[in-house]
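Q: Just dropping this structure here.
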């Protein structure tokens with residue numbers, strides 16, 4: 001029987017581990033294994049991090065997450081590098097099954113920090129050029145493209161927010177949308193359409209991102225969604241802004257979710273609808289999605305779990 005099991009090992013999960021370990025709760029972190037849920041979360045595919053407080057010099061995403069992990073380990077966190085296959089979170093103890101064991105792990109409290117995965121277009125060359133000019137986070141990577149003309153793919157609020165952010169940093173922004181009208185809110189549309197550094201290409205979809213051999217984005221082949229005609233556009237960076245998918249499939253039918261699949265938490269806390277179960281990071285945050293905000297909610301989850309365990313005298 002364990003005091004607390006943390007599912008996920010991005011900034012939220014590892015911050016929760018640091019706090020619960022320092023509280024002598026001897027947490028276990030199930031850090032993931034496969035491509036979508038690899039140890040370290042989304043920062044593992046981020047080259048340089050320049051906006052995490054405390055690092056005057058840029059640091060790579062993998063290095064930052066290794067520091068998180070080392071700190072959690074120093075206080076006694078135990079790690080299991082595998083995937084969770086099934087959970088039963090009702091009642092006490094909570095039961096969690098992992099790949100390598102037939103019997104479930106048992107815990108009084110569970111912290112869910114499984115994060116979210118960015119949606120990509122699936123275009124040729126896109127996967128190979130992730131981290132080499134293809135990004136899903138303008139606020140994370142935008143400053144790396146100051147001298148470039150960049151492209152934003154999408155037509156919703158996220159795409160407009162990314163475009164407006166980038167427009168004040170890079171040489172120019174080209175928004176590519178597969179329809180001839182945006183899905184974004186009116187105010188976001190107006191801001192983007194009026195911005196002098198943003199132009200739009202309508203009824204286009206990304207067919208291929210060029211530059212795989214050079215390991216650097218050199219251009220994009222766009223396909224017209226009406227005629228099928230393909231055109232070449234020279235570009236130095238591609239930001240995909242077509243949404244994220246929260247990693248909540250394991251918890252369907254057990255934890256309450258919003259219509260978009262993100263976990264619901266009680267306002268101002270990390271508490272879910274089940275006693276002793278807490279959620280933090282991108283799995284419950286579809287607004288900010290930053291490493292620093294994820295770490296903050298990881299701290300909240302750890303403190304909420306610690307107080308609950310203490311009140312229950314577990």
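Q: Is one or more of the residues making up segment 240-249 touching a strand residue (DSSP E or B) at 6+ places or on another chain (Cβ under 8 Å), in contact (Cβ under 8 Å) with a residue 12 or more places away in the chain and assigned to a helix (DSSP H, G or I)?
A: No: zero hits.
Q: Can you find even one residue in segment 114-126 that is at pLDDT 95 or above, outside any loop (DSSP other than H, G, I, E, B) and either at positive phi or surrounded by fewer than 19 Cβ atoms within 10 Å (Cβ to Cβ) (or both)?
A: yes
Q: For residues in segment 210-220 being touching a residue at least 24 places away in the same chain (Cβ under 8 Å) and surrounded by fewer than 17 Cβ atoms within 10 Å (Cβ to Cβ), which is nearest to residue 159 (Cα to Cα)?
A: Looking at the filtered set, the residue picked out is 216.
Q: Here are the criteria: (1) at pLDDT 95 or above; (2) at positive phi; (3) in contact with a helix residue (DSSP H, G or I) (Cβ under 8 Å, 6 or more places away or on another chain). Tell me which single one residue 6 does not satisfy.
A: It fails just one condition, (2).
Q: I need the full set of residues from segment 286-314 which are surrounded by fewer than 24 Cβ atoms within 10 Å (Cβ to Cβ), touching a helix residue (DSSP H, G or I) at 6+ places or on another chain (Cβ under 8 Å) and over 21 Å from residue 54 (Cβ atoms), in order please.
A: 306 - this is the single residue of segment 286-314 that is surrounded by fewer than 24 Cβ atoms within 10 Å (Cβ to Cβ), touching a helix residue (DSSP H, G or I) at 6+ places or on another chain (Cβ under 8 Å) and over 21 Å from residue 54 (Cβ atoms).
Q: Continuing with this model, one more query. Criterion first (within 25 Å of residue 128 (Cβ to Cβ) and either touching a helix residue (DSSP H, G or I) at 6+ places or on another chain (Cβ under 7 Å) or not in a loop (DSSP other than H, G, I, E, B) (or both)) does residue 208 satisfy it?
A: Working: within 25 Å of residue 128 (Cβ to Cβ): yes; either touching a helix residue (DSSP H, G or I) at 6+ places or on another chain (Cβ under 7 Å) or not in a loop (DSSP other than H, G, I, E, B) (or both): yes.
For residue 208, the condition - within 25 Å of residue 128 (Cβ to Cβ) and either touching a helix residue (DSSP H, G or I) at 6+ places or on another chain (Cβ under 7 Å) or not in a loop (DSSP other than H, G, I, E, B) (or both) - is met.
Rundown of residues vs (1) touching a helix residue (DSSP H, G or I) at 6+ places or on another chain (Cβ under 6 Å); (2) touching a residue at least 40 places away in the same chain (Cβ under 8 Å), yes/no style:
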site	(1), (2)
1	no, yes
15	yes, yes
31	no, yes
55	no, no
83	no, yes
97	no, no
103	no, no
106	no, yes
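The values are calculated or read from the model by the stated rules, or taken from the named source; none is laboratory data. What you are looking at is a predicted structure, and each value in this text was computed from that prediction instead of being measured. Every residue, glycine among them, receives a Cβ derived from its backbone with ideal geometry; neighbour counts consider all protein chains shown.
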